[in-house]
Ligand SMILES: N[C@@H](CCC(=O)N[C@@H](CS)C(=O)NCC(=O)O)C(=O)O
């Protein structure tokens, strides 16, 4: 199995964490990436397989798929242990919804910060930061009475943790006074599968003189 990703790919990092949690044998390959030219020229397999031209892409024999959530589903089918969706139907539905919300409701605000080159004083960031702050408050309330986002550690935790980590070095860190959210982020960051991957992203940021977030 081979995962094509980039050193600063949020969606690729999500997929990497899932691969590590599953302890799945998988080669991690960085596609060409620079802060200036981003993902261009596209890696030939990315160009061939993903009409969106995006990473992550997973190759496993005949299986050649893209999109981090699709990769989660494939990993779950191929490596059922340890399970990364909750067991009950209700909690699975909630975890899937929260995974989708991390990607499609929360993260688009982080993309606004990326496009503003993390200059959060720019007018377009104001609304994005406001929506992120509201999202953080909701997550803090959700995590007040539970250790993980939905019943047990799941892809929902991986998705929101990764997205919030990337937000942190772009000027959109959660308010540390949101103590339940802060404790959850520390818990996830300390996981044996997560810590080395977070360190790799941090090392890349430091090497490129970008701010390294505290967790
Ligand atoms: N929904 C996709 C989003 C993938 C995505 O946006 N990937 C970014 C890197 S984190 C990318 O390849 N961007 C290059 C581009 O859009 O041209 C997923 O979950 O994998």
P(r) tail fraction, the range 1-65 - alpha-carbon pairs more than 14 Å apart, %:
54 percent
Using the C-alpha gyration tensor of the range 108-215, what are the square roots of 5 times its eigenvalues, in whole angstrom, with the largest one first?
22, 19, 10
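Evaluate Rg over Rh across the chain, taking Cα atoms for both radii and Kirkwood's formula for Rh. Spell out each step's value before the answer.
Numbers: Rg = 16.7 Å, Rh = 17.7 Å.
Reported Rg/Rh (Cα atoms, Kirkwood Rh): 0.95.
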Between residue 137 and residue 111, Cβ-based FRET efficiency (R0 30 Å, step 0.05) works out to 0.90
Reference-scaled alpha-carbon Rg (2.2 N^0.38 Å with N residues) for the range 117-177:
1.22
So how do 43, 180 line up by other beta-carbon neighbours within 10 Å, fewest first?
180, 43
DSSP beta bridge pairing in the chain, given as percent antiparallel to the nearest 5
70 percent
Spin-label proximity, residue 118 to the range 130-168 - amide N less than 11 Å from point 7 Å beyond Cα toward beta carbon
166-168
Per DSSP H run of at least 4 residues, take -39500 (n - 2.57); add these up for the chain, divide by its residues and hand me the 222 nm value, nearest 500 deg cm²/dmol.
-16500 deg cm²/dmol
With R₀ set to 22 angstrom, the calculated FRET efficiency between the beta-carbons of residue 183 and residue 206, to the nearest 0.05, is 0.30
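Can you sort 88, 164 by how many other beta carbons sit within 10 Å, fewest first? Numbers along the way, then the final one.
Numbers: 88 13, 164 27.
Least crowded to most crowded, the residues run 88, 164.
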Using a Förster distance of 25 angstrom, determine the FRET efficiency expected from the C-beta separation of residue 89 and residue 146, and round it to 0.05.
0.90
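Using Cβ counts within 10 Å as a stand-in for footprinting exposure, how do 69, 37, 5 rank, fewest first? If you can, show how the numbers build up before the last one.
Numbers: 69 18, 37 9, 5 24.
Ordered by Cβ neighbours within 10 Å, fewest first: 37, 69, 5.
Read-outs throughout are calculated quantities, based only on the coordinates presented, and are distinct from any laboratory measurement. Just so you know, these numbers come straight off a predicted model, no measurement behind them. Don't worry about glycine lacking a Cβ; one is built from the backbone with ideal geometry, like all the others, and counts go over all protein chains shown.
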